[in-house]
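Report on one structure; see the data block that follows.
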Amino acid sequence: MRGKPFDGQDYPWADSIQQKMLSRIVDVAHTLAAWHTDGDSPDLDAARHAALRGLDIDETAEVLYRDWMTIEWAAENTTGVRKAVARVQQVARSYDMSLDTITEQTIDLVLSPDRPEPTHADQA
């Protein structure tokens, strides 16, 4: 994957197709991130790569930010957690959008000084 579908092109007929493609790319990136975090031997590097690759395509995909935050949290990478939180908040400001309740809850969870054990359910 490289860039957004039809990026830089102005095809009015492609708007809905582009949205469907972006949605499917985000779904695949989220599925890969979740798959790599499941099981007894999670591959957090591969999970991180999937989430960040999806965000390269759609920087507004909150589900991928939630994945990224929980991946960094599971890796006990405080710097990575803060970077993910800062980026999703900056994107929300740039696009003048409100974050989903689930995203806000994930931010609260990963920034909490009382760290419960991360689970895949936290990535929803």
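Throughout, read-outs are computed from the coordinates displayed, never taken from laboratory work. In this text the structure is predicted, and so the values were computed from the model without any measurement. Don't worry about glycine lacking a Cβ; one is built from the backbone with ideal geometry, like all the others, and counts go over all protein chains shown.
Brief remarks follow.
- A simple spin-label model places the labels of R82 and D108 2.2 nm from each other, with each point 7 Å out along Cα-to-Cβ.
- Seen from A92, the other residues with C-beta closer than 11 Å to its C-beta sum to a net charge of -3, counting Lys and Arg as +1 and Asp and Glu as -1.
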